[in-house]
Each structure stands twice: as C-alpha cells, then as structure tokens.
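Worksheet: one structure, shown below.
The values are calculated or read from the model by the stated rules, or taken from the named source; none is laboratory data. The structure presented is a predicted model; accordingly, all values stated were derived computationally and were not measured. Ideal geometry is used to build each Cβ from the backbone, glycine not excepted, and the neighbour counts take in all protein chains shown. Remember, those area values only see protein heavy atoms, side chains included, never the ligands or the DNA or RNA. Shrake-Rupley method; radii C 1.70, N 1.55, O 1.52, S 1.80 Å.
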Amino acid sequence: MATVCDWPRTAWVLFVTVGISAMVGREDDLEKIASFFANARQTPRGLVIEDAPGSGKTTVWAASLARVVGADVLSCRPAESEATLSFAALSDLLGSAIDDVAIDLPAPQRRALDVALGLDPVAERAIDHRAVGAATLSVLVARSRQRPLVIAVDDLHWLDLPSARAIGFAFRRLTVEPVTFFATARPQAESTPAVEHADVRRDHRVERLRLTPLSVWAVENILRDELELTLPRTALVQLHATAGGNPLFAIELGRALIRRRSLPSPGEPLPVEGDLRALLTARLRRVSDEMRRALLLIALSSNPVEDVLAGACGLEWDQAIGDARRAGIVRAVDGRVRFVHPLFAGVVVADATDRERRDVHRRLAMVTNDAEQRA
C-alpha cells in the first residue's frame, strides 16, 4: 500500500511504505518519516534525524529516501575529510541539476557558481559567496517548478562551511516552493560548531527526529545476522542495556564477547569495558601496520578513489584493503572506498601520530591533481 495526503494541490510526495518491516526495529521511525512526507504541503519544510553516532541514522535516511516517489531528490553525503574543502558538498548536491536550469540563471549567478564549483577555468577569480547563495536558491526554485524537490544531506555536521552557508542562504529564502530538506546529523552538542546562519537546523520550519532505541528483540536479530552470535537471555539483556539500543555499539560489544570467549554469570557485568569509541579503538589497534596505513589513507582522503589510494599506498594496498573488507571495516562502491561507519574514520585519525598523519598527507598530495586538496 502507499500513504498519501488527500489534498490534490497541497500534497506532493508519495511515500511508499511497502517493505518497511524489512528494517528490524525501525518500523516506528519509518512510519514517523512516512507521516512527515505524506503530510507535506506546497511550502518549504524540513526534517533532521538527529542522534548519536552508531544509532542507524544513515540506514533509516537511505531507506526513507528509497521510498519517496513523486519528487526529485538532490543528495550529498559529506565526510569529515571533506569538511575543509570549499563547496565540496554543494558540488555533489547540485550536480547535473545546474545544467538542467543553467539557461535560466542570471549571468552573475552562473559565473559565481561556476567559479565556486570549479567549472570556471579562470581559477584565480574571487568567489562571490552571496552570488553563490543566490545561484543555489535560483537552482532550487527552478527545479521545484518542474517537480517537487527533496534536498537530502547525510551527516549534516560534516558540511564544509561554504556549502552550509549557500544551502542555508537558499533554504531561508524559500517561501512557497515545494522543497523539503531531509538530513541526518549528530546532536548539536556533539557536532562541529557551525556558524549560526549556516545551520539549517535553526530554521523554525525544520523538525527534528530522535530515533527510537532498538529493542532487545531487534538487537538479538542484529547479532545473529551480523555476527552469527546467539546469547543467553541474561547476557543479551545486559548487552542491550550497555549499548542503550545503539546498533553499532551492540555489534561491537558482540565482537568483543566473541573475541574474549567468555560470558558473564547471571548478575555479573559484561566482561567488556569502555564506550563505543573505546571498543573501536581497541579493535583497530589489533590490525596489521599495513592495514592501519591503508585505513589512514582512506580516512584522510577527500576523494577516496581506489586507484588513487592504491597509488598513494604502494604494493601493500591490495592485501591491506582486502583484509579491511573482510573485517567489515570498509567497503568499495563504484570505485570509491568508504568506511562502513564514519566513526571508524574518526578513530583511525585520532589514534595516528602526527608523523603518521603528515606522511599520509604527503602521499596524498603527490597523487592528487586538485590544487585545493594538494594544499
């Protein structure tokens, strides 16, 4: 079945709810998001899934986007390593949308956007940030006239500041356009400090959703599916309480129990200490030196193309990246290598020495053709 509003002129997004049960433990969250989209009006509004690392924000965000029909989706997924690159996220977000409406853009806006996104060969030309914001607004307005629009951003807290300013500038000036902003973010207390006017979350039209902690039953299913681990009821309840219903934390606790080959007696605490970050740090410290170097290259690269990373890493790359994939730390999609969760990247970088980071930056600078990345 599908859920949609009854008002033919104001309801614009059809949210397909078939298959929601496939995401164990997330039925309520997906229903809330379905309700948000189904009740969308012909005015700008937003929803940010705001929760702690490892809670499953990206999984719910991606599953929700896959069920949106009747609207165009422009999306970007910024990473920590890209947060210092100017307009990296905006370039991913707008993409081919610029070409679709380029003829309607005022010439100054088009020139500003071309310079900001690296499309203008005159690299020395100064960037007019206000014109870039105005151009972003013009693109969104023009696209929304063709079809309702969803602006989707995963890990909003890693937006580079120029992109955040342009997106914030545009969204604040939308008034009657059928544009919905849909994003994930860490709670503001845990996010990188943002300039107030650049944070879309401060707009009164943007709602926030905190995910429901997974139930004991859901955690049991995740441990069985991900680790082939079945725990006695008392140990399962303890693990669930320690993880607080956080799926990534639960999986890492399960890994630690498998490695220790010991379970607590009834009434005893889990034989595992530390929070999620501590568990990931301990796990990554047990990998080979070759894998650690490869993982650091991935974590610090703003453009993790596998061929480029292999050139920076050298002969040890194939073995190291193969081991990392088998260990469930990274995955490769369309020639790009990403961590299965952004927390891995943060832990890898934080645990490296200054010398190791400088060496990796030097290697990356030698293989990139982009002047800003090289700098």
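General remarks:
- 3J(HN,Hα) along the stretch 347-363: 5, 4, 5, 5, 8, 7, 7, 4, 5, 5, 5, 4, 5, 5, 4, 4, 4 Hz, from the Karplus curve 6.51 cos²θ - 1.76 cosθ + 1.60 with θ = phi - 60°, whole Hz, x for Gly and Pro.
- Dipole-positive endmost among Ala116, Leu211, Ser138 within the chain (Cβ charges, Cα centre): Leu211
- Spatially, the stretch 56-112 and the stretch 237-301 are offset by 34 Å when compared through their Cα centroids.
- Residue-by-residue Karplus 3J(HN,Hα) for the stretch 142-158, coefficients 6.51, -1.76, 1.60, Hz, glycine and proline x: 5, 5, 6, 6, 7, 6, x, 10, 10, 9, 10, 10, 8, 6, 4, 5, 9
- By a 1.4 Å probe calculation restricted to protein chains, Ser138 has an accessible surface near 30 Å², given to the nearest 10.
- Rounded if a/c under 1.5, otherwise prolate or oblate - the stretch 206-291, Cα gyration tensor axes: oblate
- The fraction of accessible area contributed by carbon and sulfur in the chain is 51 percent, rounded to a whole number (1.4 Å probe; ligands and nucleic acids excluded).
- Inter-label distance, Val176 to Asp72: 2.1 nm, where each label sits 7 Å from its Cα along the C-beta direction.
- Taking the Cα centre of the chain as reference, the dipole from Cβ charges on Lys and Arg (+1) and Asp and Glu (-1) amounts to some 380 debye.
- Å² of accessible area per residue within the chain, as computed with a 1.4 Å probe and no ligands counted: 48
- DSSP-defined antiparallel bridges as percent of all bridges, the chain, nearest 5: 30
- Sequence-distant residues sharing a close amide H with Glu207 (under 5 Å, placed H): Gly46, Leu47, Val48
- Taken one residue at a time, the phi angles of the stretch 235-240 give Karplus couplings (6.51, -1.76, 1.60, θ = phi - 60°) of 5, 4, 4, 5, 4, 4 Hz. Gly and Pro are set to x.
- Semi-axis lengths, largest first, of the ellipsoid equivalent to the stretch 57-179 are 23, 19, 12 Å, with √(5λ) applied to each eigenvalue of the Cα gyration tensor.
- Built amide H within the under 5 Å cut-off of Arg336, gap 5+: Glu306
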